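Read the figures in this text as sums done on the coordinates, not as results from a lab. Predicted model, so just to flag it, every value in this text is computed and none were measured. As a convention, Cβ positions derive from the backbone with ideal geometry for all residues, glycine included, and neighbour counts pool all protein chains shown.
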């Protein structure tokens, strides 16, 4: 994508430390292709794209939740290795869902045949598939975008897009 194809609201200059705060007008709507460009330019940011094209900024989890997430990913990987036929994804993997959103569950599994059916280019980007299993971890302190109600809404989105278990 060329810079001219990116909305002016997404172009920012860096400060003295080389980092610029991410600020987006609430009415801004972008495409999945533009979202990929924004993510490539802001690798330190944790973002998701809602189906309506709005950006969702995700804050990092607490350390305890991060440790629980690592243990979960490890267990899913061990299970997948023992049973075969599955591809495991961690919390930084984004998926371009059928509704146009790009979300990244805390952990997920996709049937290996579905993964292998994608082209190499599709696998390098936000894979255009909804995982078969999605996991979102919650903590008692979760608020705002990570509240229990928000995670339930996100689970509904995954199920509407084809997740078989969450």
Region 46-69 to region 76-145: how many Å between their Cα centroids?
14
At 0.36 nm per residue, and after removing the present C-alpha to C-alpha distance, how many nm does the segment from residue 56 to residue 92 gain when stretched out fully?
11.5 nm
Quick one: if you take sqrt(5λ) for each eigenvalue of the C-alpha gyration tensor of region 22-67, what semi-axes come out, biggest first, whole angstrom?
22, 12, 10
Packing rank of 115-126, 150-161, where each peptide gets the mean count of other beta carbons within 10 Å, highest leading:
150-161, 115-126
What FRET efficiency, computed as 1/(1 + (r/R0)^6) with R0 = 25 Å and r the Cβ-Cβ distance, is obtained for residue 156 and residue 111, rounded to the nearest 0.05?
0.70
Rg over Rh, two decimals, region 18-120 (C-alpha only, Kirkwood Rh):
1.01
Potential extension, residue 44-residue 27 segment - 0.36 nm per residue separation minus Cα distance:
3.8 nm
